[in-house]
Amino acid sequence: MIKRVRSWWNGEQKQQTPAISKDNIPQHVAVIMDGNGRWAKRIGMPRIVGHQNGMKAVKRTAIAADELGIKYLTLFAFSTENWSRPKDEVDFLMRLPQEFLAIELDELIEKNVQVRMMGNKEHLPSHTVDALTEATRRTENNTGLVLNFALNYGSRLEITECMQALGREIEEGKLKPGDITPELIENSLLSSGMPDPDLLIRTSGELRLSNFMLWQLAYSELWFTDIYWPEFKKEHLYEAVVEYQRRSRRYGGLK
């Protein structure tokens, strides 16, 4: 079910946090963090200011997700298509993971958060890869919220590379075409080891998936808001979860 809302949170008047049932918390929430540049333009600032404030929204959302008992939070940080943006903006975006983790990693460790990265590391700058590798290593034994950054990620590329890998196994005689099942494909994707998202959130009013987790989102609940990502707060996450809890997930069947 697709839902688009205009949030009642306007950044000026704080509203009461919606009531949430602890019996039906989505296990995995994925977020397309959209609208940083448009938010900055609206306030007359450069786009990079939007990205800086978007980093603050990452922390707020991770804290709120952890408090709610959400187990996995996947954030779409940079797509395979984002390389077409101006070089100075791309360079700035590539520094953000390093900045964020330098400031927040100790607190993430203290809160038992496990950091992961999902995407193609091949074309990322070494400083970006090093920061994420270090964060992954230092948090790998943590058992709390899994904070998964989709960085240099594109779902079509992910599925293509998965099919190529399975094709090589068939060519080498390790696999037969009939052995390929949805479960095998799922275990060969970059999200292997995580459940599919129960809930997808997209900010900024756009109503599309933008090549994000196309296989994994097959039966996810979709929630769209006009709020720009730098404005996204705990109340918005709660609002999305409340809407999720109102829905009946039938997976093509009847209840």
**Asked** Which ordering of VAL129, VAL113 is given by a fewest-first count of other beta-carbon atoms within 10 Å?
**Response** VAL129, VAL113
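Restricting to the chain, what percent of DSSP beta bridges are antiparallel, rounded to 5?
Working: 0 of 29 bridges.
Percentage antiparallel, nearest 5: 0.
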**Message:** Please compute the modelled spin-label separation between ASP91 and ARG138, points set 7 Å along Cα→Cβ, answer in nm with one decimal.
**Reply:** 2.6
**Asked** Roughly how big is the stretch 142-255's charge dipole about its Cα centre, with Cβ charges of +1 (Lys, Arg) and -1 (Asp, Glu), in debye to the nearest 20?
**Response** 320
**Prompt:** Per residue of the chain, what 222 nm ellipticity follows from adding -39500 (n - 2.57) for every DSSP H run with n ≥ 4, rounded to the nearest 500?
**Reply:** -13500 deg cm²/dmol
**Request:** Calculate the spin-label point distance for VAL242 paired with MET45, positioning each point 7 Å from the Cα along the beta-carbon direction, and give it in nanometres.
**Result:** 2.8
**Item:** Distance between the stretch 216-255 and the stretch 84-135 - C-alpha centres, whole angstrom
**Value:** 26
**Fill in**
So the FRET efficiency between LYS121 and SER192, C-beta based with R0 = 22 Å and rounded to 0.05, is 0.85
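Neighbour counts of other C-beta atoms within 10 Å: give me LEU184, LEU147 arranged from fewest to most. Don't skip to the answer; put the middle values down first.
Working: LEU184 13, LEU147 25.
Taking fewest neighbouring Cβ atoms as first place, the list is LEU184, LEU147.
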**Request:** Can you tell me how much longer the chain between ILE109 and ILE159 gets when fully stretched, taken as 0.36 nm per residue apart minus their C-alpha distance, in nm with one decimal?
**Result:** 14.8 nm
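Could you work out the local net charge near THR136, counting Lys and Arg as +1, Asp and Glu as -1, over the other residues with Cβ closer than 12 Å to its Cβ?
Working: positive: ARG116, LYS121, ARG137, ARG138; negative: ASP130, GLU134, GLU140.
Once all neighbours under 12 Å are counted, the net charge is +1.
Taking neighbour counts of Cβ atoms within 10 Å as a proxy for exposure, in what order, fewest first, do TRP83, TRP229, TRP215 appear? Walk me through the numbers on the way to the answer.
Numbers: TRP83 11, TRP229 29, TRP215 15.
Going from sparsest to densest Cβ surroundings: TRP83, TRP215, TRP229.
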**Prompt:** Is there a pair in LYS59/LYS121; LYS71/LYS176; LYS41/LYS233 whose C-alpha atoms are over 30 Å apart, and which pairs would that be?
**Reply:** LYS71/LYS176
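Every read-out reported here was derived from the displayed coordinates using simple, explicitly stated rules and does not represent laboratory data. Please read all numbers here as calculations on a predicted model, not as lab measurements. Glycine also receives a Cβ, built like all others from the backbone with ideal geometry; neighbour counts cover every protein chain displayed.
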